[in-house]
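Visitor: This is the structure, below, for whatever I ask next.
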Amino acid sequence: MTMFDEQTVERLTGLTAEQRSALGELYARLDEGLRVEVHRRQRELFKQWVAQGIGSAGRTGETGYAAFLMVLKQLWLEQSPQVLPLVREHKPYKKRLRSSLEKNYLTELVRLREEEGLSWRQLSDYFKKEFKKTVSHTYLKRIYEEHQASDQ
């Protein structure tokens, strides 16, 4: 038996060992019809990768396994994202925080700064207490100033 090249699988899928294991558990819970669909799609993806020169020479086992994992991941994303929170692709924390601040709290930030006259540190404390959002005073100031600049 040849050694398994974990790096090839990681490179092709971008999945950690923990995520790959979780996808294996998902596969075990699928009904047989879905399992057959996974293998059909795996074969198509594998053929596509070979045609594009994706994979490692002499590592068809790992390439096939990676295609299998990618199909499982896609199936999970399409059908049951709540089953495997491990694999969900998240925006980095700062991007999630920023989009949340801009979408949900920007008008409140502007109001508190302009009408209430709160300092940046007071705003930071307010956001932590009222919205359960830990945001530095400097970050709030930067978002506010960028918003003000974009309005002009």
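Visitor: Considering only the stretch 120-135, how many residues are of a type in the set (S, T, N, Q), loosely packed, with under 12 Cβ neighbours inside 10 Å and either in contact (Cβ under 8 Å) with a residue 40 or more places away in the chain or out of contact with any helix residue (DSSP H, G or I) (no Cβ under 6 Å at 6 or more places or on another chain) (or both)?
Guide: Selection size over the stretch 120-135: 0.
Visitor: Keeping to the stretch 1-29, report how many residues are in contact (Cβ under 8 Å) with a residue 24 or more places away in the chain, part of a loop (DSSP other than H, G, I, E, B) and within 23 Å of the chain's Cα centre (by Cα).
Guide: The qualifying residues number 1.
Visitor: Just one of the numbered conditions (1) assigned to a helix (DSSP H, G or I); (2) among the aliphatic types (A, V, I, L, M); (3) in contact (Cβ under 8 Å) with a residue 24 or more places away in the chain; (4) under 21 Å from THR63 (Cβ atoms) is not true of LEU34; which one?
Guide: (4)
Visitor: If I ask for residues that are touching a helix residue (DSSP H, G or I) at 6+ places or on another chain (Cβ under 7 Å) and either at pLDDT 85 or above or farther than 23 Å from GLU18 by Cα (or both), which ones from the stretch 55-85 would you list?
Guide: Within the stretch 55-85, GLU62, THR63, GLY64, TYR65, ALA66, ALA67, PHE68, LEU69, MET70, VAL71, LEU72, LYS73 qualify.
Visitor: Please go through the stretch 1-52 and pick out each residue that is more than 16 Å from VAL71 (Cβ to Cβ), acidic (Asp, Glu) and in contact with a helix residue (DSSP H, G or I) (Cβ under 9 Å, 6 or more places away or on another chain).
Guide: ASP5, GLU6, GLU10
Visitor: List pairs: first residue in the stretch 137-152 and within 16 Å of ARG111 (Cβ to Cβ), second residue among the aromatic types (Phe, Trp, Tyr) and surrounded by 10 or more Cβ atoms within 10 Å (Cβ to Cβ) anywhere in the structure, Cβ distance under 8 angstrom, at least six positions apart or on different chains.
Guide: These pairs meet every condition: LEU140/TRP120; LEU140/PHE127; LYS141/TRP120.
Visitor: Residues to consider are GLN48, GLN42; find the one that is closer than 30 Å to GLN19 by Cα, polar (S, T, N, Q) and modelled with pLDDT of 90 or more.
Guide: Only one candidate passes the filter, namely GLN42.
Visitor: Another question, if that's okay. Examine the stretch 39-57 for a residue that is in a helix (DSSP H, G or I) and hydroxyl-bearing (Ser, Thr, Tyr), and state whether such a residue exists.
Guide: Looking through the stretch 39-57, none of the residues is in a helix (DSSP H, G or I) and hydroxyl-bearing (Ser, Thr, Tyr).
The values are calculated or read from the model by the stated rules, or taken from the named source; none is laboratory data. What you are looking at is a predicted structure, and each value in this text was computed from that prediction instead of being measured. Note that we place each Cβ from the backbone using ideal geometry, even for glycine, and neighbour counts take in every protein chain shown.
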